[in-house]
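Written below as structure tokens is the structure these notes are about.
The values are calculated or read from the model by the stated rules, or taken from the named source; none is laboratory data. Just so you know, these numbers come straight off a predicted model, no measurement behind them. Positions of Cβ are generated from backbone atoms using ideal geometry, with glycine treated the same way; all protein chains shown enter the neighbour counts.
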Amino acid sequence: MITQPIVLMYHGIVTPQTPVPRERETGADLYDVTAENFRAQLEWLKKNLYRTVTIRKNLDAFSTREMLLTFDDGEMNNCTAALPLLKEFGFTGHFFLIAKRIGKDGYMGWEQIRRLNAEGMIIGSHGFSHEILTNLLDPQIREELSASRKYLERNLGLSIESISIPRGFCDDKIIRMAREAGYRYIFVSEKLDGAGADCFSRVAVKSSWTIDRFAQAMQGSAPIREKILVSCKNGVKKILGGGAYDWVRRMMLKIK
Ligand SMILES: [Zn+2]
């Protein structure tokens, strides 16, 4: 039974001219989608009669052709490359911002974020500093969740209702604390068991994806090899916890 719409998770939408933000984490380029591929993916969605919806709609009642597009990290290319394409195809997206990086080199400033909002896009939080929340003490987690929401609300004059949990590490406590911090919609990487209807799992679109792989994702399937890799990765994440997993991942990327 389908209980939630498909939610795609993007990061950078890049062009040859896109400068790489200095504060980016190692390995972030795995999730860079070229503007050319992004266009092809939107074309595929259009051709297959998909429509984007947002948290403004009642997400309990959605059709199988309704889906959500989300963008994490708030890089400048979200405004310069993703927004024009979304507008061209008549799609709407959710943009989750790292509060501390707003206006920093390679990231959107308030002017660009206001433009997204004026174009009907949804603005949400992606934490204050992009720290892995499961590594932090409770008061720090609370601060990451609350301060980012208040900072965005104060500067934009908007009500910030949604958060995407930074870097894929989440547990029941983080979900509970996000609710307590005032978020009504919580976007995660993989859905936790019994997490509730306000919690949305997402499919991360990768730079390596062909249009066929994209189509497979939209049909809810992944090649078996990839499935095995993902379940191994999640197992290692669980065993090692945020900090150690992140360290191993960085080392692996260096070796590669
Ligand atoms: Zn992120």
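Scan the range 11-29 for residues that are away from the ligand (no atom under 16 Å from the Cβ) and crowded, with 16+ Cβ neighbours inside 10 Å and jot them down. Answer for the range 11-29, where residues must be away from the ligand (no atom under 16 Å from the Cβ) and crowded, with 16+ Cβ neighbours inside 10 Å: just THR18. The condition (being surrounded by 15 or more Cβ atoms within 10 Å (Cβ to Cβ) and more than 21 Å from VAL203 (Cβ to Cβ)) is satisfied by just one residue among GLU180, GLU144: GLU144. When residues in the range 30-72 are screened for being among the acidic types (Asp, Glu) and either at pLDDT below 90 or crowded, with 18+ Cβ neighbours inside 10 Å (or both), 3 of them pass. For VAL7, the criteria (1) assigned to a loop (DSSP other than H, G, I, E, B); (2) closer than 18 Å to GLU161 by Cα hold in every case but one, which is (1).
Among residues of the range 154-172 that are hydroxyl-bearing (Ser, Thr, Tyr), those with a Cβ under 8 angstrom from a residue that is in a loop (DSSP other than H, G, I, E, B) and within 11 Å of the ligand (Cβ to nearest atom), sequence gap 6+ or separate chain, pair up as SER164/HIS126.
Among residues of the range 85-109 that are over 15 Å from GLY127 (Cα atoms), those with a beta-carbon under 6 Å from a residue that is in a loop (DSSP other than H, G, I, E, B) and among the β-branched types (Val, Ile, Thr) at least six positions away or on a different chain give the pairs THR92/THR54. GLU75 satisfies every condition listed in (1) closer than 23 Å to LYS206 by Cα; (2) out of contact with any Pro (no Cβ under 9 Å at 6 or more places or on another chain) except (2).
Hey, any hits in the range 161-175 for a residue that's crowded, with 18+ Cβ neighbours inside 10 Å, among the β-branched types (Val, Ile, Thr) and away from the ligand (no atom under 14 Å from the Cβ)? Within the range 161-175, one or more residues are crowded, with 18+ Cβ neighbours inside 10 Å, among the β-branched types (Val, Ile, Thr) and away from the ligand (no atom under 14 Å from the Cβ). The condition of being acidic (Asp, Glu), away from the ligand (no atom under 16 Å from the Cβ) and assigned by TED's automatic domain parsing to the domain that holds THR18 does not hold for GLU75. Inspect the range 37-45 for any residue being polar (S, T, N, Q), in the same structural domain as PHE128 (by TED's automatic domain parsing) and within 13 Å of the ligand (Cβ to nearest atom) and give the result as yes or no. Scanning the range 37-45 turns up no residue that is polar (S, T, N, Q), in the same structural domain as PHE128 (by TED's automatic domain parsing) and within 13 Å of the ligand (Cβ to nearest atom). Hey, any hits in the range 142-160 for a residue that's assigned by TED's automatic domain parsing to the domain that holds ALA28, at pLDDT below 95 and in a loop (DSSP other than H, G, I, E, B)? No, the range 142-160 contains no residue that is assigned by TED's automatic domain parsing to the domain that holds ALA28, at pLDDT below 95 and in a loop (DSSP other than H, G, I, E, B).
Does the range 191-199 include one or more residues that are assigned by TED's automatic domain parsing to the domain that holds ASP60, crowded, with 18+ Cβ neighbours inside 10 Å, within 16 Å of the ligand (Cβ to nearest atom) and of a type outside the set (Asp, Glu)? There is no residue in the range 191-199 that is assigned by TED's automatic domain parsing to the domain that holds ASP60, crowded, with 18+ Cβ neighbours inside 10 Å, within 16 Å of the ligand (Cβ to nearest atom) and of a type outside the set (Asp, Glu). For the range 93-139, a residue qualifies if it is assigned to a loop (DSSP other than H, G, I, E, B), touching a Pro at 6+ places or on another chain (Cβ under 9 Å) and within 16 Å of the ligand (Cβ to nearest atom), and the qualifying residues are ILE98, LYS104, GLY106, HIS126, GLY127, SER129, HIS130, GLU131, ILE132.
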